[in-house]
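K.L.:
First the structure, which I've put down as structure tokens, then a few questions once you've had a look.
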Amino acid sequence: MEKYVIEGGKALKGEVHISGAKNAAVAILPAVLLADEPCIVENLPDISDVSLLLKSMTTLGAKVEMLDVNTAKIDPTGIKSYIVTKDMSSGMRASSYFLGALLGRFNKAKVAPPGGCDFGVRPIDQHIKGFEAMGAKVSCENDMVVCRAEQLMGNYVYLDMVSVGATINIMLAAAKAKGMTVIENAAREPHIVDLANFLNSMGANIMGAGTNVIKIRGVEKLHGVTYSIIPDQIEAGTYLVAAVATGGDVTITNVTPKHLESIVAKLIEAGATVEQFDEAVRIKMERRPRRCQVKTMPHPGFPTDMQPQMTTMLTIAEGESTVYESVWDNRFRYIDELKKMGADVNVEGKRAIINGKDSLTPAVVNATDLRAGAAMVIAGLMAPGKTVVQNIEYIDRGYENLVEKFEKLGGVIHRVSE
């Protein structure tokens with residue numbers, strides 16, 4: 001077991017380079033299975049979720065060659081299996097995207113239910129609704145989700161709720177289906193647009209990505225391509241919040257500022273000064289944070305994946321702040337860890353009420369999921385003294401070189417083995 005040992009209380013200052021987007025990578029890699037030729041995917045984040053996906057693709061029969069730590073050449077032409085076992089999918093939420101990709105390639109897929117962080121129930125009913133609309137029969141056999149179709153046919157799909165996962169899976173299945181598929185009430189996140197751009201660069205015909213109506217006209221073949229993944233908006237947001245929480249002055253590079261608008265707006269409301277450039281953002285905090293009211297929403301609203309980090313920063317804000325989680329159930333489990341550090345937070349259903357204190361105190365805390373783990377690191381950097389963060393395997397799922405990047409900003413953080 002490994003853990004982080006953090007000596008907090010220092011303002012973060014300097015420059016940090018943002019890696020490729022985790023949420024785009026875990027959608028684009030399964031999409032490679034639809035290609036008839038090898039693909040090169042650049043700007044992949046060096047994280048465990050990507051490593052597990054590549055390993056699973058190898059098990060299916062793909063040839064994977066790492067050209068460098070962030071670039072993979074993937075040849076899917078040798079894939080014969082349409083089965084993703086529990087061993088292959090364990091601990092990886094994105095394994096569900098193999099359903100759409102393999103269904104699109106073989107007209108059949110058999111995939112173990114996804115693992116990953118537990119925020120409560122992760123229903124895939126909207127995914128199934130899309131597959132069934134295109135003519136697939138979906139069943140559960142021996143704890144595996146099984147999809148079969150004689151031929152996927154384009155159709156109209158209205159999502160009962162905005163679902164990133166369902167939007168991605170339906171896009172993957174529809175890319176080579178016969179006819180037109182229309183997704184109404186589609187998710188609009190930047191990684192949805194990145195997936196559409198990747199598929200279109202391979203010869204797909206997808207229109208409307210980034211709006212709530214996406215149209216996919218199926219094509220017979222998808223060719224190989226070289227493609228670079230967008231920067232990670234959540235990693236970028238994490239470092240921006242850490243800078244504000246520690247009273248720092250940080251510039252993040254290799255970012256798309258437009259993707260950060262909802263995050264930056266709340267940090268400005270909290271008292272930060274922000275400068276935006278073409279591919280960089282500088283944030284500076286010279287005061288105690290002001291109280292804020294935050295409500296997570298599907299894009300372009302405030303992202304749920306930034307909620308734990310923002311809540312942690314607000315534990316030292318002036319006055320009373322409120323954070324409302326409207327996307328995931330059970331995403332406030334980390335609050336008990338913050339309370340170990342002296343935070344005054346009360347949870348009422350999907351709402352957290354935070355009474356800001358002058359500072360947090362060091363403690364031994366646990367990462368309860370990926371983004372909560374990042375929040376615990378921020379809390380450790382805020383609190384003067386030594387904080388220990390355990391269960392850091394969750395953090396490894398989504399943050400590349402976290403220790404090195406925080407050290408470059410002047411944070412004192414060490415990864416140690418127990």
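The values are calculated or read from the model by the stated rules, or taken from the named source; none is laboratory data. These numbers come from a predicted model, not from an experiment. Please note: Cβ atoms are built from the backbone with ideal geometry, for glycine as well, and neighbour counts cover all protein chains shown. Side chains are part of the model used for accessible areas, which takes the heavy atoms of the whole protein and leaves out ligands, DNA and RNA. Shrake-Rupley method; radii C 1.70, N 1.55, O 1.52, S 1.80 Å.
K.L.:
Scan segment 321-367 for residues that are within 29 Å of Glu189 (Cα to Cα), open to solvent by less than 30 Å² (accessible area, probe 1.4 Å) and assigned to a loop (DSSP other than H, G, I, E, B) and jot them down.
P.N.:
Result: Glu325, Arg331, Phe332, Tyr334, Ala367.
K.L.:
Now a separate question. Test Ala265 against the stated conditions and say whether it is without any contact (Cβ under 8 Å) to a residue 40 or more places away in the chain, in a helix (DSSP H, G or I) and either among the hydrophobic types (A, V, I, L, M, F, W, C) or surrounded by fewer than 19 Cβ atoms within 10 Å (Cβ to Cβ) (or both). Full working, then the answer.
P.N.:
Values: without any contact (Cβ under 8 Å) to a residue 40 or more places away in the chain: yes; in a helix (DSSP H, G or I): yes; either among the hydrophobic types (A, V, I, L, M, F, W, C) or surrounded by fewer than 19 Cβ atoms within 10 Å (Cβ to Cβ) (or both): yes.
Spelling it out, Ala265 is indeed without any contact (Cβ under 8 Å) to a residue 40 or more places away in the chain, in a helix (DSSP H, G or I) and either among the hydrophobic types (A, V, I, L, M, F, W, C) or surrounded by fewer than 19 Cβ atoms within 10 Å (Cβ to Cβ) (or both).
K.L.:
A further question follows. Yes or no: segment 95-111 includes at least one residue that is open to solvent by less than 50 Å² (accessible area, probe 1.4 Å), assigned to a loop (DSSP other than H, G, I, E, B) and either hydroxyl-bearing (Ser, Thr, Tyr) or touching an Asp or Glu at 6+ places or on another chain (Cβ under 6 Å) (or both).
P.N.:
no
K.L.:
Of the conditions (1) in a loop (DSSP other than H, G, I, E, B); (2) open to solvent by 10 Å² or more (accessible area, probe 1.4 Å), Glu15 clears all except one; give me its number.
P.N.:
Status for Glu15: all satisfied but (1).
K.L.:
What number of residues in segment 20-60 are open to solvent by less than 30 Å² (accessible area, probe 1.4 Å), part of a loop (DSSP other than H, G, I, E, B) and either farther than 14 Å from Ile168 by Cβ or hydroxyl-bearing (Ser, Thr, Tyr) (or both)? Write out each step before concluding.
P.N.:
Initial filter on segment 20-60 (open to solvent by less than 30 Å² (accessible area, probe 1.4 Å)): 20-35, 39, 41, 44-45, 47, 49-50, 53-54, 56-57, 60.
If we keep only those that are part of a loop (DSSP other than H, G, I, E, B) as well, we get 21, 35, 44-45, 47.
So of that shortlist, the ones also either farther than 14 Å from Ile168 by Cβ or hydroxyl-bearing (Ser, Thr, Tyr) (or both) come out as 35, 44-45, 47.
Residues meeting the conditions: 4.
K.L.:
Output the number of the condition that Asp305 fails; it satisfies all remaining conditions of (1) outside any helix (DSSP H, G or I); (2) touching a strand residue (DSSP E or B) at 6+ places or on another chain (Cβ under 9 Å); (3) more than 14 Å from Ile353 (Cα to Cα).
P.N.:
Going through the list (1) outside any helix (DSSP H, G or I); (2) touching a strand residue (DSSP E or B) at 6+ places or on another chain (Cβ under 9 Å); (3) more than 14 Å from Ile353 (Cα to Cα), Asp305 breaks only (1).
K.L.:
Can you tell which of Ile168, Ile79, Ile74 is under 14 Å from Leu33 (Cβ atoms), assigned to a strand (DSSP E or B) and at pLDDT 95 or above?
P.N.:
Numbers: Ile168 fails: assigned to a strand (DSSP E or B); Ile79 fails: assigned to a strand (DSSP E or B).
Exactly one of Ile168, Ile79, Ile74 is under 14 Å from Leu33 (Cβ atoms), assigned to a strand (DSSP E or B) and at pLDDT 95 or above, namely Ile74.
K.L.:
What are the residue pairs meeting all of these: first residue in segment 156-179, first residue open to solvent by 20 Å² or more (accessible area, probe 1.4 Å), second residue β-branched (Val, Ile, Thr), Cβ atoms under 8 Å, and 6 or more apart or on different chains?
P.N.:
Going by the 8 Å Cβ cut-off, the qualifying pairs are Tyr156/Thr181; Tyr156/Val182; Val164/Ile192; Lys176/Val219.
K.L.:
Out of everything in segment 71-94 that is under 18 Å from Ile47 (Cβ atoms) and open to solvent by 20 Å² or more (accessible area, probe 1.4 Å), what residue ends up being farthest from the chain's Cα centre (by Cα)?
P.N.:
Quick first cut of segment 71-94, residues under 18 Å from Ile47 (Cβ atoms) only: 71-72, 74, 88-94.
Filter once more, so that each one left must be open to solvent by 20 Å² or more (accessible area, probe 1.4 Å): 88, 90-91, 93.
Working: Met88: 19, Ser90: 17, Gly91: 14, Arg93: 10 Å.
For segment 71-94, the residue satisfying everything is Met88.
K.L.:
For segment 237-258, give me each residue that is part of a helix (DSSP H, G or I) and either among the hydrophobic types (A, V, I, L, M, F, W, C) or open to solvent by 10 Å² or more (accessible area, probe 1.4 Å) (or both).
P.N.:
Step one: filter segment 237-258 for residues part of a helix (DSSP H, G or I), giving 237-245, 257-258.
Within segment 237-258, Leu240, Val241, Ala242, Ala243, Val244, Ala245, Pro257, Lys258 meet the criteria.
K.L.:
Just to be sure, is Glu407 free of Cβ contacts under 8 Å to residues at least 24 places away in the same chain, of a type outside the set (Gly, Ala, Ser) and either over 24 Å from Ala317 (Cβ atoms) or part of a loop (DSSP other than H, G, I, E, B) (or both)? Show your work before the answer.
P.N.:
Working: free of Cβ contacts under 8 Å to residues at least 24 places away in the same chain: yes; of a type outside the set (Gly, Ala, Ser): yes; either over 24 Å from Ala317 (Cβ atoms) or part of a loop (DSSP other than H, G, I, E, B) (or both): yes.
For Glu407, the condition - free of Cβ contacts under 8 Å to residues at least 24 places away in the same chain, of a type outside the set (Gly, Ala, Ser) and either over 24 Å from Ala317 (Cβ atoms) or part of a loop (DSSP other than H, G, I, E, B) (or both) - is met.
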